[in-house]
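The values are calculated or read from the model by the stated rules, or taken from the named source; none is laboratory data. Treat the numbers as computed from the prediction; the structure is a model and nothing was measured. Cβ atoms come from the backbone with ideal geometry, glycine included; neighbour counts cover every protein chain shown. Each accessible area value is taken on the protein alone, full model and side chains, heavy atoms only, with ligands, DNA and RNA left out. Shrake-Rupley method; radii C 1.70, N 1.55, O 1.52, S 1.80 Å.
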Amino acid sequence: VLQLLKGMQRGSEDRKGSLSCLRRALQNKETQQKFVRLDGSIRMLIGLFTSSMADMQMEAARCLHELSHSSDPTVAEACLPVTSYLLTYLSGHSIEFMELCLYTLGNLVVESEAVRRQLLPQGIIPVLASCIQSPHEAVLEGLGYVLSQLLQAKEAPAEIVPLVLDSVLPQHMLRLVCSGLKAGTGAAVEFAWCLHYIICSHTANTVLLSLGALPALTSLFLEMASEIPQDAPEGLELLVCPVLRCLSNLLAEEPGCHLQAQDERLLIALFLILQSFLQKHPFMAQECLWLLNNLTADKPFFCWALLSLDLLPALLQLLPCSQMASVLVLTVLCNIAEKGPPYCQQLHQQQALALLLPTLVLPDPQVVGQCLELLHLLFLHYPEAAADFLRQGGHRALEQHQSTPELQERARALLDMLGQPLGATTLNPCHPTSSAFS
């Protein structure tokens, strides 16, 4: 590497060949670390990167890109002098060159807070905002990558998200997501995750809602669900997942959003998504259940729609999927039962108790605890459910938990309810909570 460096510094005839050899050498972690310690190495690369010789400039850009892959923050920080040039070259150069610059920037901001702190005053957000109107998919995908890395930084909520919100980026990202996700473009996927990270910062939802994010994403979700083929191709779940999360978190943070989203087709779309992906991608059950939990948490509209559309059996089938899925299914059922007697009556008539009994004997305190909350609501609002529970021997399952520290108080309270005259109870119902999935 030292010989290659000396050859390039002397301006030898085959500088491009030497630079190509250097690029290959820089794929090695140890070589990267040694290279940045060599006196004048980065300065030489920057000289070639900013030269007027297009072929040398491109090869130097490839070398810098290899360096940016290093997981060593000292390597990223050695590249600090090149950041302003990387930003400058995001306008007026070839598509391949811009793409290299974008991915190099994205890689550098992942590894180094120092790089991020230098790029912000250099105006990286306005530069990215000017690039988002590019007609080239490769440039947009690279831009989405840089932005997603910036938005995942620990300082993003306080320092980066406000800058993004003050730019034209949110409305263009929303447009590109809605137009590109169905086509499966990489840029649309990147921007969908960017919207997710912005929403999770808890500072952006007013802006996104004013841009019509909720109806736009709801419409997109409905279209995607209706067009999923019977045998969903691999990778399609990666397009659906960020839209699910965006909808779920918008609903969690802004209770008034429920009024904008009162469309029972959302429930049908959710269960279509589940049907399409559950077997090959079980994690999608959790993704869908987060959204279902937030839809049913505050307003009765979706609770009643779920019951009237006869979707309860499909929901109950998700109980064994995973520990988190079990908790979320039971939380959704609590959301429904909390709405009062007619809802509890429907749950009881649709045989919810029969599936709760096996859940009560599971060794997982979190799952059983949520099951106890649901039983309490059922007994409180629909005493016939308590009588039926007794007839099915449910009290024996409750007695097993009287010695479990985190469950014994609730188990004993339920046993007391079962021993009282029907309807006589003093316990307070639990309250549903919306959950943000970050």
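Please report, largest first and rounded to whole Å, the three semi-axes of the ellipsoid equivalent to segment 14-81, where each semi-axis is the square root of five times an eigenvalue of the C-alpha gyration tensor.
Working: eigenvalues 70, 32, 20 Å².
Working through the eigenvalues yields semi-axes of 19, 13, 10 Å.
Eight or more residues apart or on different chains, and alpha-carbon atoms under 22 Å: count the Lys pairs in the chain matching that.
Numbers: K6/K16; K6/K29; K6/K34; K16/K34; K182/K280; K299/K339.
Final tally of qualifying lysine pairs is 6.
For the pair K34/A153, report the inter-label distance in nm, with labels modelled 7 Å from Cα in the Cβ direction.
The answer from the label model is 3.2 nm.
After finding the eigenvalues of the alpha carbon gyration tensor for the chain, what semi-axes result from the square roots of 5 times each, listed largest first in whole Å? Can you show the working numbers first?
On the way: eigenvalues 619, 101, 64 Å².
Over the Cα atoms of the chain, the ellipsoid semi-axes are 56, 22, 18 Å.
Can you give the percent of C-alpha pairs in segment 1-122 whose distance is more than 21 Å? Write out the running numbers ahead of the final one.
On the way: 2348 of 7381 pairs.
Value for segment 1-122 (Cα pairs over 21 Å): 32 percent.
Quick check: residue separation of R117 and A25 times 0.36 nm, minus the Cα distance between them. What number comes out in nm?
Working: separation 92, 0.36 × 92 = 33.12 nm, distance 2.93 nm.
Going from the current span to full extension adds 30.2 nm.
At q = 0.18, 0.24, 0.32 Å⁻¹, what is the log10 ratio I(q)/I(0) for segment 315-360, with the Debye formula run over Cα points and no solvent?
Debye curve over Cα of segment 315-360, log10 I(q)/I(0) at q = 0.18, 0.24, 0.32 Å⁻¹: -0.51, -0.87, -1.24.
Please report the carbon-and-sulfur percent of the accessible area for segment 1-122; probe 1.4 Å, protein heavy atoms only, DNA, RNA and ligands left out.
Working: 2710 of 5630 Å².
That share works out to 48 percent.
Between H395 and I268, what is the spin-label point distance in nm, taking each point 7 Å from the Cα along the Cα→C-beta axis?
The modelled label-to-label distance comes out at 4.6 nm.
Work out, step by step, the length gained on full extension between K280 and D416: first 0.36 nm times the residue separation, then minus their alpha carbon distance; give nm to one decimal. Before the final figure, lay out the partial values.
On the way: separation 136, 0.36 × 136 = 48.96 nm, distance 4.41 nm.
Stretched out fully, the K280 to D416 stretch lengthens by 44.6 nm.
Hey, how much of the P(r) for segment 281-437 falls beyond 24 Å, as a percent of Cα pairs?
Working: 3278 of 12246 pairs.
Cα-Cα pairs of segment 281-437 separated by over 24 Å account for 27 percent.
Counting helices only, and only those DSSP H runs with n ≥ 4, report the 222 nm mean residue ellipticity of the chain as the sum of -39,500 (n - 2.57) divided by its residues, in deg cm²/dmol to the nearest 500.
On the way: 29 runs with 305 residues, N = 438.
Mean residue ellipticity at 222 nm (helix-derived): -21000 deg cm²/dmol.
Over segment 90-164, how many percent of alpha carbon pairs lie in each 5 Å bin up to the one with the longest distance?
Bins of 5 Å from zero give 3, 17, 30, 27, 15, 7, 1 percent of pairs.
Just subtract the alpha-carbon distance of E406 and L222 from 0.36 nm times their residue separation and send over the number in nm, one decimal. Show your work: numbers first, answer last.
Details: separation 184, 0.36 × 184 = 66.24 nm, distance 4.10 nm.
So the extension gain works out to 62.1 nm.
In whole angstrom, how far apart do the alpha carbon centroids of segment 26-45 and segment 152-172 sit?
33
Using only Cα atoms, find the angle between the long axis of helix 95-111 and the longest principal axis of the chain, and express it within 0 to 90 degrees, rounded to the nearest 10.
The helix 95-111 is inclined about 60 degrees to the chain.
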